[in-house]
1. Taking only protein heavy atoms and a 1.4 Å probe, what accessible area per residue, in Å², does the range A:211-347 have with all protein chains in place?
2. List, in order, the whole-Hz ³J(HN,Hα) value for each residue of the range A:208-218 obtained from phi through the Karplus relation with A = 6.51, B = -1.76, C = 1.60 and θ = phi - 60°; use x for Gly and Pro.
3. Could you tally the net charge around residue A:405, taking each other residue with its Cβ under 15 Å from the Cβ of residue A:405, Lys/Arg +1 and Asp/Glu -1?
4. Would you please give the residues with an amide H less than 5 Å from that of residue A:221, counting only those at least 5 places away or on a separate chain, with H modeled from the backbone geometry?
5. What per residue convex hull volume, in Å³, comes out for the range B:56-143 when only alpha-carbon positions are used?
6. Using a 1.4 angstrom probe on the protein heavy atoms only, line up A:220, A:365 by accessible area, largest first.
7. When only the heavy atoms of the protein chains count and the probe is 1.4 Å, how do A:176, A:244 rank by accessible area, highest first?
8. Pairs of Cα atoms under 8 Å, at least six residues apart: use those to get the relative contact order of the range B:56-143, whole percent.
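The values are calculated or read from the model by the stated rules, or taken from the named source; none is laboratory data. Keep in mind that what you see is a predicted model, and the values were worked out from it rather than measured. Ideal geometry is used to build each Cβ from the backbone, glycine not excepted, and the neighbour counts take in all protein chains shown. We work out accessible area using only protein heavy atoms, side chains counted, and drop any ligands, DNA or RNA first. Shrake-Rupley method; radii C 1.70, N 1.55, O 1.52, S 1.80 Å.
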Amino acid sequence: MNKIGVNIFLALLVFFQLQNSQAAEFTAHGIVDLRVSQVSSSDKSYLTGGQGKFALADGLQFSIAQAGADLSVTWDNGLSAHGVVNAFLKGTGDGESSVANITEVYFKYRTLPSASGYRLQTRVGIFYPDISLENNAYAWASKDTLNSSTINTWIGEEIRVLGSEFKLTRLGRMNDDAFDLSLSATAFVNNDPTGALLAWHGWTTSSRQTLWTEKRIFPWFPALEDGQALAGQARKSDPFLEIDDRIGYHVRGEWLLHRKGELSAGYYDNRATPYIVIDGQYAWRTRFFHLGTRWKFNRNVTLVAQYLSGDTLMQSHLKEDVVNNDYTSAFISLTYKWQQLIGNKKHRSTIRLEDFSIRDNDNTWGDNNNEDGQALTLSHSYRFTKHWLLLAEFNYIDSHRPARYYTHQAVDLVEKQLQLAARYFF
Amino acid sequence: MLLTLLLLPNISNANTCNNKTEINTCVQVFVKSKTGQELGDLVVYLEPLDGQVLDKSHKEVVVGQRDKSFTPYITVSQTNSKVNFVNQDNITHHIYSAESENKFSFKIRAGTTHSLTQFDQANEIAMGCNIHDWMSGYLLVVNTPYFDKTDELGQVSFNLAKKGKYKVVVWHPQMQAENNRMIMEQDITKHNTFTFTLKNELESIPTQESDDDFEFLSDY
């Protein structure tokens, strides 16, 4: 799909450009994130098949944590084409190899509102379902912190779809209401193995996104060995595959109160058939619901909170449960803009608290997926110039994860890191 | 307060009928709230009722977009005048009116001007931006060259070229009255002063401001 998809996208771009006599507007935005991290976690991070919950392993590490570009062409009739490319370059220490590819490619069409304030928006292509309330900066970067929460690190790692989204919005301004209402429904394919990485490395926190068609490694555990229940599983998971040709869906509702914030709720179900396996990649029946709010208490204080809870199921060809997990994660974050104290809008501080868990409901030997943990993030950002932001962030995770025993590590582990970053937005 | 007092004479000269050398008939209109406070930025216009033939207004009509808001919030224009939309931002806007009689939409690039000339009927036109949903502005099209907005002292004045009967109207999109306006019919023969006192407080004017002031958001 990768090369074909990009080629189709480019062909369509040229086609629309030729067909459409109206002027097109090209825009290019993006982010470069240079980072220094002092990590106290594990000798291998989850990105290189270890148990560390951060992007990098122990020590003082340098990395380009993200180089992303968000390119779009917009025509006057409401149609636009978007391509997002991300690169994650090899960091020092046990950093994974450099990778670059598309993360999203889609067409978007937005109608004008009707006289009664109804508007329809459609997205077709490869995109993130509308779930994260943190990753709304260019190229899906998180806005207030360097590391995304465990919920949105997982969304960035395993939730991506090839599909069509229809979103109906009722604008309040045409109805003398102070709020807008939106309902969206997405039908999708190519997200069948999702749930595998969450099961096998647990909840993690970083700014890494999985690139389209990218395979991701996970820690070793005994059930992968010959003769064991998961011997047929490939050593890398390929989350954006279609295994069983069944269409999944995501629905979401949002209530947005003007100048205050929003409340949203949604449900995702990939409707995968859990006992089908192709080339070592299983279909995992993954379902979850999510709740979110963003609320501005006053000009200085904004709350963002999300809750996600669901299950995932993977079975043998005999339809016996091999992995059957329930998982939940929640965070609450407060961002303070130092407008009054320092007299400008250049400083922001964020505190985020998280609680996460995975409950393993199956009896598969050598594959314990249970997990329980809490995380704390303290972040401060200073807008140095118009385009450069300097950030300092402290991340703390305390987790209980029995699977660490398989690789002779402490089941109860406290991981900490301090990060300094210079982020350039364009 | 001191500053206000110092500025007072100048401001009142601009919008009052103090100029005794004026040969035309001068009409001064005051608009006050229910509690007697002067109200600025309300539209006042005088429509001829005796068939007086009046010259067309030569005022330049500008609907600005600045800091992702309609600036000013309210623009007034005479029918069949050219209305200039001026985008002072460094991003594109997608201006529209969704009402059936006055439906229009166009994209306007950073720093450019887009002119519309199709407004041949008196009407109030609510406008939005399809990229920035919080943007909200009004264009009031009136059938007279005598239109203006009240100053911060709640006053406005007109030099009328023709005497006779006029409909004096005060309008604001947030006025809690029938058709968002108050109307007096007056025979104007000499210098006249009219005062409108609103029966209800104005509803709150929507703040044209995004919920999120972070500049590098990927949204639409």
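1. Working: 6050 Å² over 137 residues.
Computed with neighbouring chains in place, this is 44 Å² per residue.
2. So the J values, rounded to whole Hz, are 7, 10, 7, 7, 4, 6, 7, 9, 10, 7, 9.
3. Numbers: positive: A:401, A:404; negative: A:360, A:367, A:371, A:372, A:412.
Surrounding charge for residue A:405 is -3.
4. Residues meeting the criterion, in which the H sits 1.01 Å from N, do not exist here.
5. Details: hull volume 6.7 nm³, N = 88.
Once divided by residue count, the hull of the range B:56-143 is 76 Å³.
6. Working: A:220 90, A:365 160 Å².
Ranking A:220, A:365 by accessible area, largest first, yields A:365, A:220.
7. Working: A:176 150, A:244 25 Å².
Putting A:176, A:244 in descending order of accessible area: A:176, A:244.
8. Values: 208 pairs, mean separation 28.8, N = 88.
Reported relative contact order: 33 percent.
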